[in-house]
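The values are calculated or read from the model by the stated rules, or taken from the named source; none is laboratory data. On a predicted model such as this, the values are computed, not experimentally measured, just so you know. Cβ placement follows ideal geometry from the backbone for every residue including glycine, while neighbour counts extend to all protein chains displayed. Just the protein is used for accessible areas: all its heavy atoms, side chains included, with ligands, DNA and RNA removed. Shrake-Rupley method; radii C 1.70, N 1.55, O 1.52, S 1.80 Å.
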Amino acid sequence: CFVELLGQAFVGFLMSLIPLKNKNAMLFWLLIPFVWSAIWSFIHCLRRYLTREALDIDFFLVLVAHWIAAAVAWAAEPLSVPVVCKEATCDRVEDISYDTPMRRTLSRARRRLYYIAMTKEIKQELTAHDVDPERIFLIPNGVELPDTLVDTATARNILYIGNFSQGNERKAFDILFE
């Protein structure tokens, strides 16, 4: 598309004028309108799709509590279908950033979600972010530790299946390796 090529050329020209240490910050500010319009398009297309299609949906399950959960809640509003968000990590319920379109609308929609909190700390954090405690269900996600543990002197291999990116301090690797 010609407009896209023109936009890339313009960004490239501007980037050539900026000292190296400021390029990341400038690129961030130059890309905000494109990111904003992509998010806005996603949110509105999702709502249009959900309202136009005759989908037989009982509820929505979202696995993150940021703007995507709020977008699903807003998009599903005309269907009167509950939206459930499973929040597994503390310190993840942050304010929706200023560069997200419909920020205030999405913030209100996020408070209307039903939440599954995996710890009481997460439930407290959600409550601190104005989520009604009646909409938060505490369901711990964990395993019961066996009475006998593996002999670490003879054990040679450990297989971990999961996500390392959510904070190693929350994954209890110290207990695993003990």
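Applying the condition of being touching a residue at least 60 places away in the same chain (Cβ under 8 Å), within 12 Å of MET102 (Cβ to Cβ) and touching an Asp or Glu at 6+ places or on another chain (Cβ under 9 Å) to the range 35-75 and asking which residue is least open to solvent (accessible area, probe 1.4 Å) yields ILE39. Restricting attention to the range 113-131, and to residues there that are touching a helix residue (DSSP H, G or I) at 6+ places or on another chain (Cβ under 6 Å) and not hydroxyl-bearing (Ser, Thr, Tyr), which single residue is surrounded by the most Cβ atoms within 10 Å (Cβ to Cβ)? Here the residue is ALA117.
Any chance the range 14-34 includes a residue that's at pLDDT 55 or above, open to solvent by 70 Å² or more (accessible area, probe 1.4 Å), closer than 30 Å to PRO78 by Cα and part of a helix (DSSP H, G or I)? Taking every residue of the range 14-34 in turn, at least one turns out to be at pLDDT 55 or above, open to solvent by 70 Å² or more (accessible area, probe 1.4 Å), closer than 30 Å to PRO78 by Cα and part of a helix (DSSP H, G or I). Checked against the criterion of being surrounded by 14 or more Cβ atoms within 10 Å (Cβ to Cβ) and at pLDDT below 85, the candidates ASP99, ASP91 yield just one match: ASP99. Checked against (1) modelled with pLDDT under 85; (2) of a type in the set (Lys, Arg); (3) assigned to a helix (DSSP H, G or I), ARG108 passes all but a single condition, namely (1).
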